[in-house]
Amino acid sequence: MIARGAAPDLVPIRIPAPPETADGPRPDLEIVLPVYNEQRVLARSVQCLHRFLTEQVPLSWRIVIVDNASRDKTAEIGRELAAQVPGVQFLRLDEKGRGRALRAAWSASPARVVAYMDVDLSTDLRGLYPLVAPLLSGHSQVSIGTRLAPGAHVTRGPKREFISRAYNRLLRTVLRAQFSDAQCGFKAMRSDVVAALLHDVRDQEWFFDTELLISAQRRGLRIHELAVDWTEDTDSRVRIVSTALADLRGVARLALTRPRDRRPVPYGKPSAFHPLPH
Ligand SMILES: Nc1nc2c(ncn2[C@@H]2O[C@H](COP(=O)(O)OP(=O)(O)O)[C@@H](O)[C@H]2O)c(=O)[nH]1
Ligand SMILES: [Mg+2]
């Protein structure tokens, strides 16, 4: 109900000019595509993502392909894409590990929000703007896609479904995780929490995501969850048994480690962000 009487005081909004970087204007969003032996889908996925961003997303953005020592033609294709397609960059690291790739790209990013997605585009891209909007507005600091919350539409095999549910249940039981899906390849966070979270994370491979989210939770950050539409690509780089064992070792390590620092990250006020265009 609207109170009768005088109109409420309106706080004037000051719109800051977008900060500049050495490479030009600071983008709202950087999307990292971690790739390992992805010559089959890389060019198609980058073109698809580029077109989607250009036509559907009202933000400034850039795409960064990060390859860790692929043995196929991924690096050649990545370099070629970076040379040909505006807004696309390519980074190559010598050692394997998806976590390592994300760390390298995110820690060097000038963007207001950093994100990543699996190059097979298993997640419907229409979730991208809803993923990052709560970060740009200042409402949340971390934002993740989830396949395990009500509203998600998921097509994947029974084995991966079972492992995923069991793993996330374990996280809730052992680590008191408050998020529903640690492993969805569709995540983003604000740049002003990147350094603190990366400081906490030790894993350089698949456990990286879980460790990052537990760190965010322990530091009292708000993790926004977005139910995604997910269609599994059965061409996978995950070696299930060794990855599951590494995950279990990671969970044990986090369970035994007292949080080093529960203090909240001094992230910027929402007004530090360039507001979203209409
Ligand atoms: N940079 C980098 N990316 C990787 C590595 N391993 C996997 N990826 C990428 O991580 C993403 C998810 O891998 P994928 O095999 O689709 O995982 P799944 O969907 O869980 O089976 C894909 O974009 C892979 O190319 C790695 O060692 N380095
Ligand atoms: Mg995949």
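The values are calculated or read from the model by the stated rules, or taken from the named source; none is laboratory data. No experiment lies behind these values; they were computed from the predicted model shown. Reconstructed Cβ throughout: ideal geometry from the backbone, glycine too, with neighbour counts over all protein chains shown.
Those residues that are over 14 Å from residue 142 (Cα atoms) and surrounded by 20 or more Cβ atoms within 10 Å (Cβ to Cβ), I need them from region 205-226; list them, please.
206, 207, 208 - these are the residues of region 205-226 that are over 14 Å from residue 142 (Cα atoms) and surrounded by 20 or more Cβ atoms within 10 Å (Cβ to Cβ).
Give region 215-239 a look and list any residue that's of a type in the set (A, V, I, L, M, F, W, C) and free of Cβ contacts under 8 Å to residues at least 60 places away in the same chain, or say none.
238 - this is the single residue of region 215-239 that is of a type in the set (A, V, I, L, M, F, W, C) and free of Cβ contacts under 8 Å to residues at least 60 places away in the same chain.
From the list 234, 243, pick out the single residue that is β-branched (Val, Ile, Thr) and not in a helix (DSSP H, G or I).
Criteria check complete, one pass: 234.
Being within 26 Å of residue 37 (Cα to Cα), surrounded by 20 or more Cβ atoms within 10 Å (Cβ to Cβ), among the small types (Gly, Ala, Ser) and touching a Lys or Arg at 6+ places or on another chain (Cβ under 7 Å) narrows it down to one residue among 101, 115; which is it?
Residue meeting the stated conditions: 115.
For region 189-202, indicate whether the set of residues that are under 15 Å from the mean Cα position of the chain (by Cα), among the small types (Gly, Ala, Ser) and away from ligand 1 (no atom under 14 Å from the Cβ) is non-empty.
yes
Which condition from (1) away from ligand 1 (no atom under 14 Å from the Cβ); (2) part of a loop (DSSP other than H, G, I, E, B) is the one that residue 126 breaks?
(2)
How many residues are part of a helix (DSSP H, G or I) and hydrophobic (A, V, I, L, M, F, W, C) when one looks only at region 154-182?
Total satisfying the criteria: 6.
Here is a yes/no grid of residues against (1) on the phi > 0 side of the Ramachandran plot; (2) within 13 Å of ligand 1 (Cβ to nearest atom); (3) aliphatic (A, V, I, L, M):
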position: 36; (1), (2), (3): no, yes, no
position: 41; (1), (2), (3): no, yes, yes
position: 47; (1), (2), (3): no, no, no
position: 58; (1), (2), (3): no, no, no
position: 61; (1), (2), (3): no, no, no
position: 82; (1), (2), (3): no, no, yes
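Out of all the residues in region 245-261, which are touching a helix residue (DSSP H, G or I) at 6+ places or on another chain (Cβ under 7 Å) and at pLDDT 95 or above?
Matches in region 245-261: 247, 250, 251, 254, 255.
Pairs under 7 Å by beta carbon, first residue in contact (Cβ under 8 Å) with a residue 60 or more places away in the chain in region 171-185, partner away from ligand 2 (no atom under 14 Å from the Cβ) and assigned to a loop (DSSP other than H, G, I, E, B), six or more apart or different chains?
Final answer for the pair search is 171/177; 171/182.
Would you check if residue 177 is farther than 21 Å from residue 242 by Cβ, over 14 Å from the mean Cα position of the chain (by Cα) and among the small types (Gly, Ala, Ser)?
Against the criterion (farther than 21 Å from residue 242 by Cβ, over 14 Å from the mean Cα position of the chain (by Cα) and among the small types (Gly, Ala, Ser)), residue 177 qualifies.
The rows are residues; the columns are (1) touching a Phe, Trp or Tyr at 6+ places or on another chain (Cβ under 8 Å); (2) under 19 Å from residue 189 (Cβ atoms).
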{"residue": "79", "(1), (2)": "yes, no"}
{"residue": "87", "(1), (2)": "yes, no"}
{"residue": "96", "(1), (2)": "yes, no"}
{"residue": "118", "(1), (2)": "yes, yes"}
{"residue": "123", "(1), (2)": "yes, yes"}
{"residue": "126", "(1), (2)": "no, no"}
{"residue": "133", "(1), (2)": "no, yes"}
{"residue": "141", "(1), (2)": "yes, yes"}
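Do you know which residues across region 106-120 are aliphatic (A, V, I, L, M) and more than 9 Å from ligand 1 (Cβ to nearest atom)?
Once the filter is applied, which keeps residues that are aliphatic (A, V, I, L, M) and more than 9 Å from ligand 1 (Cβ to nearest atom), region 106-120 yields 108, 111, 113, 114, 115.
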